[in-house]
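Below: one structure, written as structure tokens.
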Amino acid sequence: MLRRQQMQQAAAEAAARARPSATSCCGLCEREVQQTTRHHLVPREEGGRYGATVALCQPCHSSVHRFLTNRELARRYPTVEALRAATELHDYLSWIRKSKVEKIRNRRGQR
């Protein structure tokens, strides 16, 4: 039963991506952007392959993975609300909400 729901969710997401739209809304910063990417709330490496996803703009998606490890994402931030409340992302979210940036280049830091 769970597999069927996951397949239906994937089909609905694919249909939504296929629909032409001028802008999309980022699930994290809530800005209107030209393009979004699919972010697994629990990373695939941590068992979230068929789990919930959220549409994020490229700067947010890149920054989430820049500031948080996959293990942290899986254990401490498995929802959009938890991500918005993350202290690691607080300064970034304050900045990006006022910005019109569509692309950003982040590199993971050495840990």
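The values are calculated or read from the model by the stated rules, or taken from the named source; none is laboratory data. Quick caveat, the model's predicted, so the values are computed rather than measured. Here the Cβ is made from the backbone with ideal geometry for all residues, glycine too, and neighbour counts use every protein chain on show. With ligands, DNA and RNA removed, areas are computed over all heavy atoms of the protein, side chains included. Shrake-Rupley method; radii C 1.70, N 1.55, O 1.52, S 1.80 Å.
Test of the criteria: in segment 49-111, which GluC sites (Glu not before Pro) are in a DSSP loop and have at most 16 other Cβ atoms within 10 angstrom of their Cβ?
Loop-located and lightly packed - E102.
Taking the solvent-accessible surface of protein heavy atoms with a 1.4 Å probe, what is the per residue accessible area of segment 39-111 in Å²?
For segment 39-111, the solvent-accessible area averages 64 Å² per residue.
Suppose every K and R has +1 on its Cβ and every D and E has -1 on its Cβ; what is the size of the dipole of segment 20-111 about the Cα centre, in Debye to the nearest 20?
Computed charge dipole of segment 20-111: roughly 320 debye.
For segment 28-68, what does the relative contact order come out to in percent, with C-alpha contacts under 8 Å and a separation of six or more?
The normalised contact order for segment 28-68 reaches 39 percent.
With every protein chain kept in the model, how would you rank E30, E46 by accessible area, 1.4 Å probe, largest at the top?
Ranked list, largest accessible area first: E30, E46.
Expressed as a whole percentage, what fraction of the accessible surface of segment 26-111 belongs to carbon and sulfur atoms when a 1.4 Å probe is rolled over the protein heavy atoms?
46
Would you please classify the overall shape of segment 21-97 from the alpha carbon gyration tensor, given that a ≥ b ≥ c denote the square roots of the eigenvalues, rounded means a/c under 1.5, and beyond that prolate means a/b larger than b/c while oblate covers the rest?
Cα axes put segment 21-97 in the oblate bin.
Could you tell me which of rounded, prolate or oblate describes segment 62-111, using a ≥ b ≥ c as the square roots of the eigenvalues of the alpha-carbon gyration tensor, with rounded for a/c under 1.5 and, failing that, prolate when a/b is larger than b/c and oblate otherwise?
Here segment 62-111 falls in the oblate category.
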